[in-house]
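So the structure is just underneath, and the comments pick up after that.
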Amino acid sequence: MTWLILTGAILFELAGTTAMKLSEGFTRLLPSVALVVCYVISFALLTLTLKKMDVSIAYAIWSGAGTVLITVIGILVFKEPATLLKVLCIALIVAGVVGLNLLSKH
């Protein structure tokens with residue numbers, strides 16, 4: 001159940017960050033409201049996750065997965081450039097999250 005809650009926190013963080021881009025600096029009402037609501041839900045779910053999971057692991061997964069997935073959204077939805085350096089850096093984030101997760105099981 002903890003992993004499901006963490007997944008929800010990640011998905012709401014993605015929705016909030018996407019809404020942040022769409023809000024155009026808080027000049028559009030609906031995306032601005034969605035941004036706040038999604039981040040409140042994301043942090044609430046992350047807080048619930050911390051009841052059963054170490055903060056170092058939960059936060060690394062939440063922020064790392066969010067970073068990787070929002071980069072994919074940026075490339076696919078907002079047509080941001082997918083440079084080799086950007087892809088390599090994202091791969092390093094994934095490796096770090098996986099490494100932390102593997103180390104936490106010992």
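Quick notes on this one:
- When residue 24 is tested against the conditions (1) touching a helix residue (DSSP H, G or I) at 6+ places or on another chain (Cβ under 8 Å); (2) under 14 Å from residue 63 (Cα atoms), the lone failure is (2).
For (1) at pLDDT 95 or above; (2) out of contact with any Gly (no Cβ under 8 Å at 6 or more places or on another chain); (3) among the hydrophobic types (A, V, I, L, M, F, W, C); (4) under 16 Å from residue 13 (Cα atoms), each residue gets a yes or a no:
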residue: 61; (1), (2), (3), (4): no, yes, yes, yes
residue: 73; (1), (2), (3), (4): yes, yes, yes, yes
residue: 87; (1), (2), (3), (4): no, yes, yes, no
residue: 90; (1), (2), (3), (4): no, yes, yes, no
residue: 93; (1), (2), (3), (4): no, no, yes, no
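Conditions tested, residue by residue: (1) surrounded by 14 or more Cβ atoms within 10 Å (Cβ to Cβ); (2) without any contact (Cβ under 8 Å) to a residue 40 or more places away in the chain.
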residue: 24; (1), (2): no, yes
residue: 31; (1), (2): yes, yes
residue: 36; (1), (2): yes, yes
residue: 46; (1), (2): yes, no
residue: 50; (1), (2): yes, yes
residue: 60; (1), (2): yes, no
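The values are calculated or read from the model by the stated rules, or taken from the named source; none is laboratory data. Predicted model only: the values in this text are computed from it and were never measured. Neighbour counts are summed over all protein chains in view; Cβ atoms, including those assigned to glycine, are modelled from backbone coordinates with ideal geometry.
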